[in-house]
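Only the coordinates and a few stated rules stand behind these numbers; no lab work does. This is a predicted model, so every value here is computed, not measured. So basically every Cβ, Gly included, is an ideal-geometry build from the backbone, and we count neighbours across all protein chains shown.
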Amino acid sequence: MYRTVALIWITYNLMVVGGLADDAIDELFRALADPTRRDILRRCAVGEPSVSRLAQAYPVSFAAVQKHVAVLERAGLVTKERRGREQLVSTNAGAVGRARRALDELERTWSGRVERMSDVLSQSTTRRPA
Amino acid sequence: MSIRSVDTDHDNLAVILIADLAAPIEQVWELWSDPRKLERWLGPPSHPATVEQHDLTPGGEVTFFMTGPEGDVSWGTWRLAAVDPPVSLEFTDAFADTDGTPIAGTPVTTIRVQLTEHGDGTRMEIRATFESREDMAAWLNMGTVDGLQQAVSQMDALLAA
């Protein structure tokens with residue numbers, strides 16, 4: 001259920017918010033017309049699997065899965081990212097959102113600390129030399 | 001407001017904070033080198049910090065715990081990579097168990113601090129970097145309470161001002 005909602009949301013974002021041209025929308029629907037590709041997309045909306053891990057999930061060759069990922073990538077539905085020997089696949093919406101949230105949290109933690117440092121300093125430097 | 005700028009570097013998974021503090025560089029250094037001062041800013045008001053070990057030398061460790069309102073305790077450990085008083089330090093920051101051992105699967109960040117004399121005061125640059133995207137994902141699971149608490153404490157400070 002959650003995954004289907006995520007899929008619809010991504011598609012909606014690409015079409016409506018992304019303002020795609022007609023041929024790009026054709027490509028999008030072609031990419032979504034295949035059940036294996038839809039399943040790959042669902043997996044990538046909630047995680048960041050590698051191409052080889054995806055390949056293990058389907059009774060088809062590694063090359064076939066790679067081709068499916070390429071179609072999804074051309075349609076703008078997923079992004080491939082090389083890390084070491086692996087190629088990780090994620091939906092744009094999922095990956096970007098997660099990265100931003102984590103960096104925001106890290107920033108808030110350290111901003112709070114710096115503000116408190118400033119308080120500690122102002123409490124210990126009651127008088128400054130003229 | 002001592003924070004001058006906050007930059008988020010998505011490519012390098014880093015946050016860079018620059019603050020201008022109205023105190024000489026030696027006093028700003030003491031915020032890090034004096035465990036009693038460190039305790040006063042490390043945790044948000046709702047989660048005060050207690051520093052246990054404090055060895056601010058290369059290869060040394062700083063271990064601490066924060067106590068939440070429900071008596072819940074979370075431990076952290078810093079492993080110092082480089083220390084150059086009173087201008088810079090670099091360490092990895094990890095969630096730890098009670099003897100200071102980092103807990104596998106919890107996020108690790110690298111923190112670099114640089115202090116420079118700036119007018120009458122001190123400019124402090126803090127660069128906080130996630131080691132990997134896994135660490136970033138783990139931070140979202142672990143760090144939210146902390147992050148929210150920070151935000152709340154900032155609001156409190158604003159209201160009190």
Estimate the FRET efficiency between A:T36 and A:R85 by the formula 1/(1 + (r/R0)^6), using the beta-carbon distance for r and 22 Å for R0, to the nearest 0.05. 0.40
Phi angles of the range A:115-122, converted by Karplus (6.51 cos²θ - 1.76 cosθ + 1.60, θ = phi - 60°) into ³J(HN,Hα) in whole Hz with x for Gly and Pro, give 4, 5, 4, 4, 5, 4, 5, 6
Given R₀ = 25 Å, what would the calculated FRET efficiency be for B:N12 paired with A:Q66, taking r from the Cβ atoms and rounding to 0.05? 0.30
Loop-located trypsin sites (Lys or Arg not before Pro) in the range B:1-102 whose Cβ has at most 11 other Cβ within 10 Å (DSSP): none
The exposure ranking of B:E52, A:E48, fewest beta-carbon neighbours within 10 Å first, is B:E52, A:E48
Can you give the charge dipole size of the range B:1-75 about its Cα centre, rounded to the nearest 20 debye, using +1 on the beta carbon of Lys and Arg and -1 on the beta carbon of Asp and Glu? 240
Expressed as a whole number, the average count of other chain Cβ atoms within 10 Å around the Cβ atoms of B:13-19 is 5
Residues with amide H under 5 Å from that of B:R4, placed H, sequence gap 5 or more: B:I18, B:A19, B:D20
